[in-house]
Amino acid sequence: MFFLQPSQKKLLSSLNPLFFIFAVFGLILAKTACYPLAPHFIQHWDLLLPFIVFFGQRRELPEGIILSLFSAHLFSLASGAPLGVYTTAYLVIFALARLISYVAYATTLGSILLLMIGLSAISRIVLPLVASFFHPGWPILSLYNLVWWSILLNGLAGWAIYIVLVGVDRLTNKVSRSSIEFSGDAL
């Protein structure tokens, strides 16, 4: 978008979080509307995971927390779980993605895929663990939670969504966190 004026680039960059919120809202509506019609393996797809990982890896801390809280709360409202289960679980995933970003910042296609598969497997343990605090009847480690094809599907779909989100950042001229926090010029 080289033809835009600096003020237009700044406006486009500031609208970037709204694009993500509308995308999350649209995916939540699509998943809840199509859930009964979807095949069994699609029903276990965690659509919010790539967004939360992206916010943890690529956003400044206040912006990432706000976007994660808002997205997770929308997802929690659309689910049948007690209010706060998904919000708490996704905040834990956000914190893990943020901590991982200080050690390994996912920039290559392979590192993004490994990050998504790893956090997908971890989220299969975190969600039942958090849910057990809300209701003690949820099994933490069960074969239903740790299905390998579901973890792989979440990783591959999350990888594709993560790449699209990076493209949206490029289109909207959003400066990534790596340019801000990890540059050699900053003190």
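Taken together, the values in this text are just the output of simple stated rules run on the coordinates, not laboratory data. What you are looking at is a predicted structure, and each value in this text was computed from that prediction instead of being measured. Cβ: placed from backbone, ideal geometry, glycine included. Neighbour counts: every protein chain shown.
Treat each spin label as a single point 7 Å out from the Cα along the C-beta direction, and report the Leu99 to Leu156 distance in nm.
It works out to 3.0 nm between the two label points.
Once R0 is set to 22 Å, what does the formula 1/(1 + (r/R0)^6) return for the Cβ-Cβ distance between Ile163 and Leu61, expressed as a FRET efficiency to the nearest 0.05?
Numbers: r = 23 Å, r/R0 = 1.05.
Result of the calculation: an efficiency of 0.40.
Can you put Lys31, Lys174 in order, fewest other beta carbons within 10 Å first?
With the fewest neighbours first, Lys31, Lys174 line up as Lys31, Lys174.
Quickly work out the Ser132-to-Ala33 label distance, labels modelled 7 Å from Cα along the C-beta direction, and quote it in nm with one decimal.
Calculated label separation equals 3.8 nm.
Hey, rough spin-label estimate for Phe25 and Leu114, points 7 angstrom out along Cα→Cβ, what's it come to in nanometres?
3.8 nm
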